[in-house]
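Presented below is the structure to which this report refers.
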Amino acid sequence: MELLSQPPVNGSSPALHPCYSEQAHRHFARLHLAVAPACNIQCHYCNRKYDCSNESRPGVVSEVLNPEQATMKALAVGAAIPHLAVVGVAGPGDPLANPERLFATFRELAVKAPDLTLCVSTNGLALPEQVDELVKYRIGHVTITINCVDPDIGAKIYPWIFWNHRRIRGRKAAEILIAQQQKGLEMLVERGVLVKVNSVLIPGINDEHLHEVHRVVKAKGAFLHNLMPLIARPEHGTYFGLTGQAEPTEEQLRVMQEAWVGGEGETQMMNHCQQCRADAVGMLGQDRGAEFTMDKVATMQVDWQAALEKRTTVRQTIERRMALQSQFLDKVAKKPIPLPVRRPRTIAPQTLRMAVGSADGRTIDAHFGHLREFLIYDVSSDGVHLVERRRTDRYCSGPTTCGDAAPALSDTIRALDDCAVLLCSRIGFEPWRPLEEAGIQPNSEHANETIDAALAAVYREWRDSGRLDVEDTALSRSSA
Amino acid sequence: MALHIVASCTSCWACLPLCPHEAISVARPHFQIDSARCTECAGDYADPQCASICPIEGAIVDSTGQALNPPGSLTGLSPVNHPNSPFQSLT
């Protein structure tokens, strides 16, 4: 994803924020502080009772922190992970429904970790009244979840809001929420804050309507628009989960994203969202939260001044590397990595589709068991073509796999069923056979080689042995 | 005349800052209302503030044990229709 040329304002630098920059998410870590337990609205995709340490989705959290604990945790993580760049508050409730707790935390961090970018993610109800306070605390990135601009649709998503000391329900509740979100968006843009709009795609409820939402937020100057698939499983105990509301298919998401890419205006699409927990720690798609529970943090000796210096040095190094990479891409590759939209899972003839496990995005450096995301490539006589980045897990896949560190193998196989080869640095004996039987050939022979070289070598091998012509293999399959 | 918080409370903090008489306190296993201070917001607000923001059906009851937010009133999920509902335990 390309960045806008818009100059950074109010301490907002998208280049450092893993959620705002495709490139930054490969280099910088983030931390979510679960300092905001209260919420002022109810959404039908949220269950306020839920907590599971094995599940990764927004709103879920293991430990609610008070501001002192939150500050302590941020400083401890900032000392242990020197590539930490962003501290966000995303819940488990709404940050702006907990203003004292939120701003007490940010006040401390502004003094002891002034290098860290602060951000919040809000439903927008309390946003207009808090905008100036946010700006005061140099919060340059704000995410608003906007699922609709039509109160009739809103009434199907939000059963109630708490507003002016009353619980308001139905259409009227949605009307107030929408007005507040839009006003908040306008006020933030006016003040130079970068706004990311998250929209949850809810099939049959707001799918068609999201085109209108996209048009409106774009016109108002949102920096990024992030389309998120609804997560609704019965075991989550949410209204949508228990009433059988369908989650969107990959295809529905793709069609929507493609419709929005390349339109007029400056709002970019975000395609690397990992739908993180409200207490996630580490790189996007990674959660090191278990290393930083409060009982562990309490035993850590943290020299916050030394940590600040270390982070500054590390950041300078990473920024230099990012600059070099950009130059390289401009000169040689001429194409952004990876491509912005999900492509159809159809494969051209004489083309080998391969899944690559890579943490750095350049070399085959990742162990199969640790992978939650694969780069999908098509290789043919025309060369190497990056199709997309594909997640193989979005949430806990149920009680049978709960507690496993790695995503369930069956989910991975389903997600990669159009790939003929899987390249990674190492792979255990156990997953090897099921993958092979599913027509996905595991291959760890090219560990630590560059992706392009490894793909080319495997392609040549397949071509020279005549396997590209074989009809009945995974590579000629085109699955929906 | 006072409201009470029962075991289904998730200690989400939403009610605590809203109470006009500072009757709500952090406690284990769940938040508590000081009966001596609670007025059910009579004279202050049209509705009791804690029960107006509480997201958990059945978590706040009046002195007769009646839930201010009965099952189904906040989520739209009826425990009868949805046997898997986590709210079933409140009936």
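Every number in this text was worked out from the coordinates using simple rules, so none of it is lab data. Keep in mind that what you see is a predicted model, and the values were worked out from it rather than measured. Using ideal geometry, Cβ is built from the backbone for each residue, glycine included, and neighbour counts are taken over all protein chains shown.
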Least to most buried among A:374, A:429, A:292 (fewest other Cβ within 10 Å first): A:429, A:292, A:374
Distribution output for region A:14-304: share of Cα-Cα pairs per 5 Å bin in percent, first bin at 0, values 1, 6, 13, 17, 20, 18, 13, 8, 3, 1, 0
Residues whose built amide H sits under 5 Å from the amide H of residue A:140, excluding neighbours closer than 5 in sequence, are A:118
Just to be sure I understand the model, the point goes 7 Å from the Cα along the line to the Cβ. What's the resulting residue A:211 to residue A:132 distance in nm? 4.1 nm
Can you run phi through the Karplus equation (6.51, -1.76, 1.60; θ = phi - 60°) for region A:430-444 and list ³J(HN,Hα) in whole Hz, with x for Gly and Pro? 4, x, 4, 5, x, 5, 4, 5, 7, x, 10, 7, x, 8, 10
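Take the cross-link list A:49/A:172; A:73/A:296; A:73/A:136; A:183/A:218; A:136/A:310; A:196/A:218 and give me the ones stretching past 19 Å between alpha-carbons. Walk me through the intermediate numbers first.
On the way: A:49/A:172 26 Å; A:73/A:296 9 Å; A:73/A:136 23 Å; A:183/A:218 14 Å; A:136/A:310 27 Å; A:196/A:218 10 Å.
Correct reply: A:49/A:172; A:73/A:136; A:136/A:310.
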FRET efficiency, residue A:367 to residue A:410 (Cβ-Cβ, R0 25 Å, nearest 0.05): 0.85
Estimated D of region B:1-78 in µm² per second, where Rh is the Kirkwood radius over Cα pairs and Stokes-Einstein applies at 25 °C, 0.890 mPa s: 198 µm²/s
By how many nm would the segment from residue A:452 to residue A:115 lengthen if fully extended, with 0.36 nm per residue of separation less the alpha-carbon distance? 117.7 nm
Mean-square fluctuation maximum in Gaussian network of chain B, Cα pairs under 10 Å, restricted to B:55, B:29, B:70, hits B:29
Among B:18, A:75, A:242, rank each residue by its count of other Cβ atoms within 10 Å, from fewest to most, as a rough exposure measure. B:18, A:75, A:242
Other residues with Cβ under 13 Å from the Cβ of residue A:205 give, with Lys and Arg +1 and Asp and Glu -1, a net charge of -4
Pairwise FRET efficiency - residue A:437 versus residue A:220, Cβ, R0 = 35 Å, nearest 0.05: 0.10
Under the rule of at least 5 residues apart or a separate chain, name every residue whose amide H is placed under 5 Å from the amide H of residue A:84. A:29
Per-residue HN-Hα couplings for region B:35-48, Karplus 6.51 cos²θ - 1.76 cosθ + 1.60 at θ = phi - 60°, whole Hz, x for Gly and Pro? 4, 5, 9, 5, 10, 6, 6, 4, x, 9, 9, 5, 10, x
Using label points projected 7 Å from each Cα along Cα→Cβ, tell me how many nm separate residue A:150 and residue B:11, to one decimal. 4.4 nm
As a footprinting exposure proxy, order A:243, B:64, A:105, A:392 by other Cβ within 10 Å, with the fewest listed first. B:64, A:243, A:392, A:105
Taking 60 Å as R0, compute the FRET efficiency from the Cβ-Cβ separation of residue A:166 and residue A:300 and round it to 0.05. 0.85
Which shape class, rounded, prolate or oblate, goes with region A:189-288 when its Cα gyration tensor gives a ≥ b ≥ c as root eigenvalues, a/c under 1.5 marks rounded, and past that a/b bigger than b/c marks prolate? oblate
Apply the Karplus curve 6.51 cos²θ - 1.76 cosθ + 1.60, θ = phi - 60°, to the phi angles in region A:114-124 and return the couplings in whole Hz, x for Gly and Pro. x, 7, 7, 7, 9, 8, 9, 10, 10, 7, x
The long-range amide H neighbours of residue A:202, using H built 1.01 Å from N in the peptide plane and a cut-off of under 5 Å, are A:207
